[in-house]
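Input: a single structure, listed below in structure tokens.
The values are calculated or read from the model by the stated rules, or taken from the named source; none is laboratory data. Here the structure is a predicted model, which means the values were calculated and not measured. Glycine gets a Cβ as well: all are built from the backbone with ideal geometry, and neighbour counts include every protein chain shown. Ligands, DNA and RNA are excluded from the accessible area calculation, which covers all protein heavy atoms including side chains. Shrake-Rupley method; radii C 1.70, N 1.55, O 1.52, S 1.80 Å.
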Amino acid sequence: TIAADPQDVWSVLMEVESYEEWNPALVPVDGRFIQDEELTYRMSQPDGGTVAVKSTVRELIDERKLNQYGGIVT
């Protein structure tokens, strides 16, 4: 449970430029949260390195649902 209004939580979730402030393990570096859009993330690794993760937005319902699908780029 997050002690905030859903609109405020959604606003933070959609602001990819600020991800590193609250989720440094998986930071979007390219793309936007738009239906069928592809995003590329930088995922932190235990050794201090990063790995690229590509994800496609499968479903987006404003202020309710963000469904993505993807995986590590090899």
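When the trypsin sites (Lys or Arg not before Pro) in the chain are filtered for DSSP coil states and for at most 14 other beta-carbon atoms within 10 Å of their beta-carbon, the remaining sites are Arg32, Arg64. When the square roots of the Cα gyration tensor eigenvalues are ordered a ≥ b ≥ c, the ratio a/c for the chain is 1.5 or more and a/b does not exceed b/c, which makes its shape oblate. As a calculated quantity, the FRET efficiency between Thr40 and Ala3 at R0 = 22 Å, using C-beta atoms, amounts to about 0.10. Every helix of 4 or more DSSP H residues in the chain counts as -39500 (n - 2.57), and over all residues that averages to -4000 deg cm²/dmol at 222 nm.
How about region 25-74: which GluC sites (Glu not before Pro) there lie in a loop by DSSP and see at most 16 other Cβ atoms within 10 Å? Hits after loop and neighbour filter: Glu37, Glu63. Is the C-alpha gyration tensor of region 1-44 telling us rounded, prolate or oblate? Criteria: a/c under 1.5 is rounded; beyond that, a/b larger than b/c is prolate, otherwise oblate. Oblate. The H on the amide N of Val29, modeled in the peptide plane, is under 5 Å from the matching H of Thr40, Tyr41, Arg42, each at least 5 residues off or on a different chain.
Ordered by 1.4 Å accessible area with all protein chains kept, Val29, Val57 run largest first as Val29, Val57. For the chain, carbon and sulfur atoms together expose 49% of the accessible surface, with a 1.4 angstrom probe and every protein chain in place.
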